[in-house]
Amino acid sequence: MINFAKHPSGFTVLTITNASATATISMYGAQVLSYSPLGRDNLLFVSSKSNYGEGKAIRGGIPVCWPWFGPHRTDARLPQHGFVRTRIWDLEKIEETPDESRVTMLCRSSKETRLLWQHDFALSLTVSVGKALTLELTTANTGEEAFTITDALHTYFSVKDIGSAQVLGLDGVSYADRVEKREETQREIVTVSGEVDRVYRSPSDCAVVDKALGSKVTMKKNGFPDTVVWNPWIDRAKAMADFDDGEYKKMICAEAAAVGKNEMLVIPGASITQGMTLSSEKI
Ligand code: BG6
């Protein structure tokens, strides 16, 4: 069942309930805000201080960063992480079975998007809510010139305590450390005890383990050559107006991404699909 509600900021929020899970999705940003498999807690974190609307991204859930990840490469005035996380998407299609609900949302180029990025595109996101949560992001080039993109499904995982969180699957992987500004190789399981902002060059799956909660969420990736791990820690958390000072203890971002030199070329008439599946288990 899908329920449509108007958020006080004016956009629609879908609440999905089926035999396998519940989830909420904001049409502002096509952003999944919560996902709880049957009998389990919400896997996703959203800040209690988040903005909703007015050109600001929602701080949590799964923002879609597109058509560039991070700051724009040549123009610092352009919005960080692209512009689709602050646009209202169209609802394209809903398909439901008792166990799974699939929602497809669409964002097309327009006069406003051309002011930020001069390309014609159709970007669709299909979210399947079932025993697992699957996101499929399809970038179609509807214009006459090729373009390149970098992007991410910027997942905010909820954790009970960052001190007992781990990211598995990145051992031996080289990464760009964006805090220390150097290249490194991961030598052990990833844990967080300070600011972390890393681009791991690995298309492999990873998992976020919360030892305090006894849960493991596996993230399978398709078409995303990188995994970004981010936690702002104490000082950056304090500097963020849309994030409570202590919330760095409650979240970790592990993001299916294509960053920097892993940009993707999309030629006119072509499309590329990238995806991510989250499935949770008790450990
Ligand atoms: C991460 C980046 O993906 O997103 C960080 O690696 C960034 O550098 C973080 O600070 C949050 O970005 P924003 O724009 O949502 O504040």
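Which order, highest average first, do 31-37, 90-96 follow once you tally other Cβ atoms within 10 Å for each residue and take the mean per peptide?
The densest-packed peptide leads the list: 31-37, 90-96.
Could you work out [θ]222 nm for the chain from helices alone, using -39500 (n - 2.57) per DSSP H run of at least four and dividing by all its residues? Round to the nearest 500 deg cm²/dmol.
The helix contribution divided over the chain gives -1000 deg cm²/dmol.
Considering the options Ser20, Val167, Phe4, tell which one lies farthest towards the positive end of the dipole of the chain, charges being +1 on Lys and Arg and -1 on Asp and Glu at the Cβ, about the Cα centre.
Phe4
Neighbouring Cβ atoms within 10 Å as the yardstick, rank Leu265, Leu170 fewest first.
Starting with the residue having the fewest Cβ neighbours, the order is Leu265, Leu170.
Which aspartates and glutamates, if any, have their Cα less than 17 Å from the Cα of Lys238, not counting same-chain residues under 8 positions apart?
Filter leaves Glu195, Asp197, Glu247.
May I ask you to evaluate 6.51 cos²θ - 1.76 cosθ + 1.60, the Karplus curve with θ = phi - 60°, for each residue of segment 257-272 and list the ³J(HN,Hα) values in order in whole Hz, giving x for glycine and proline?
9, 10, 10, x, 5, 8, 4, 10, 8, 10, 8, x, x, 9, 9, 10
I need the phi-derived Karplus couplings for segment 237-247: 6.51 cos²θ - 1.76 cosθ + 1.60, θ = phi - 60°, integer Hz, Gly and Pro marked x.
For segment 237-247, the Karplus curve yields 4, 4, 7, 8, 5, 9, 8, 6, 3, x, 6 Hz.
Could you give me the percent of Cα pairs per 5 Å distance bin for the chain, shortest bin first, beginning at zero and ending with the bin that holds the maximum distance?
Answer for the chain: a P(r) of 1, 6, 12, 17, 20, 18, 14, 8, 3, 1, 0 percent.
Using each residue's phi in segment 201-218, evaluate 6.51 cos²θ - 1.76 cosθ + 1.60 at θ = phi - 60° and report the 3J(HN,Hα) Karplus result to the nearest Hz, with x for Gly and Pro.
Along segment 201-218, the couplings run 8, 8, x, 6, 5, 9, 9, 9, 10, 10, 5, 5, 8, x, 9, 9, 10, 8 Hz.
How much length, in nm to one decimal, is gained on full extension between Thr97 and Glu54, taken as 0.36 nm per residue of separation minus their Cα-Cα distance?
Between Thr97 and Glu54, full extension yields 12.0 nm more.
Sort Ile58, Ile234 so that the residue with the fewest other Cβ atoms within 10 Å of its own Cβ comes first and the one with the most comes last.
Ascending number of Cβ neighbours within 10 Å: Ile234, Ile58.
Rounding to the nearest 20 debye, state how big the charge dipole of the chain is about its Cα centre with +1 on each Lys and Arg Cβ and -1 on each Asp and Glu Cβ.
Once rounded to the nearest 20, the dipole reads 320 debye.
Give me P(r) over segment 37-117, computed from all C-alpha to C-alpha distances, binned every 10 Å, as integer percentages.
14, 37, 33, 13, 3
Could you line up Ile162, Ile283 from fewest to most neighbouring Cβ atoms inside 10 Å?
With the sparsest Cβ surroundings first, the list reads Ile283, Ile162.
Subtracting the Cα-Cα distance from 0.36 nm times the residue separation, let me have the gained length for Leu168 to Asp245 in nm, one decimal.
Between Leu168 and Asp245, full extension yields 25.1 nm more.
Cα extents of segment 134-283 along the three principal axes, largest first, in whole Å?
So the extents along the principal axes, rounded to whole Å, are 50, 34, 32.
Throughout, read-outs are computed from the coordinates displayed, never taken from laboratory work. The model shown is predicted, which means the values in this text are computed figures rather than measured ones. Cβ coordinates were reconstructed from backbone atoms using ideal geometry, including for glycine residues, and neighbour counts include every protein chain displayed.
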